Amino acid sequence: MAVGNLARAAGAVMIGALMSFGLAMPSLAANVKVTVNGTPITDVQIAQRVKLFAIEGNKTGQRGATEQLIDEAIQMQEAERLGIEVSGAQVDEGILQIARNTKLSQDKLIQMLQQSGVNIDTLRDRLEAAIAWNGVTQAAIMPQVQISDLALDQQAASKVAAYQSFDYILKEIIFVAPGGQGAGARTAQANRYRSSFSGCDSAVELSLGYTDAAVIDVGRRHATQLPEAIAKELAGLNAGGITKPRVVETGVSMLAVCQKTQAEDLTFIKGDLRAEAGSDALKGQVETYLADLRKRAKIIYN
């Protein structure tokens with residue numbers, strides 16, 4: 001599948017993770033509750049995560065906080081194994097983005113966390129884990145995602161409506177009315193033009209009888225490339241037909257059908273389906289990859 005679509009899908013996975021927040025540094029008085037491949041998770045970290053959950057409305061408590069911190073420890077270890085590093089600038093940008101998403105200044109965000117008893121390092125470390133895992137996703141998981149073109153063809157074919165099965169060569173006739181000014185009078189002129197229209201070959205000559213009327217070669221368009229209302233109207237016309245006038249930004253527009261052929265083009269429908277399928281497949285692969293890492297990890301609860 002297209003790298004761009006997968007990158008967007010990976011970005012969606014990361015954004016969800018960004019809003020989950022933080023891994024706090026253990027204090028000297030902290031008690032280790034879990035070790036993950038030798039990495040300690042302390043009662044202080046768990047307590048910090050529970051406080052953060054309270055801000056988010058997450059009610060999974062200590063158990064949920066512990067499991068999330070285990071996942072993050074595994075994610076950071078896998079990123080390190082793959083040589084993926086996260087800079088302080090990336091984490092800073094992540095904090096700024098969260099502040100924007102919550103419509104707060106960065107200082108207000110930090111203040112809100114502090115008032116709830118959450119150390120800013122909790123947020124910073126959580127973001128570091130999220131960004132690192134996004135790097136793992138792009139480097140190790142995305143290349144495994146494969147989408148069947150045959151399956152996409154079958155899905156796309158089932159979604160093509162009757163009006164979308166035509167290929168056209170079009171000309172656009174514009175009666176200029178910048179910003180819609182004088183559109184009423186121009187529409188009347190366009191309707192007179194339409195009543196006299198006898199085909200694309202004489203479209204330019206016919207336009208010469210009107211002031212500020214232009215004929216533009218649109219070229220080949222498939223119905224799936226056109227707005228639905230226009231595609232439906234064109235489906236009811238034969239070659240030599242012309243659509244009803246529509247007010248657009250530059251004036252009053254009509255489309256003339258120079259050629260019309262039956263041709264199912266699934267390209268655009270497949271593009272949307274590919275992005276959707278890629279996102280779902282990537283999410284599944286990410287979950288499977290993490291689950292496999294957890295199975296192989298040495299997790300000790302104290």
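Coordinate-derived values only; no laboratory data. In this text the structure is predicted, and so the values were computed from the model without any measurement. All Cβ positions, glycine included, derive from the backbone under ideal geometry; neighbour counts span all protein chains shown.
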So, for the Cα atoms of the range 30-108, Rg and Dmax in Å stand at 14.7, 39
Protection proxy (average C-beta count within 10 Å per residue), highest first, orders 89-98, 127-136 as 127-136, 89-98
Any lysines whose Cα falls less than 20 Å from that of LYS108, other than same-chain ones fewer than 8 residues away, would be LYS51
For LEU290, the net charge from surrounding residues (Cβ-Cβ under 12 Å; K, R +1; D, E -1) works out to -2
Rh_Kirkwood(the range 185-254) over Cα pairs, Å, one decimal, evaluates to 13.0 Å
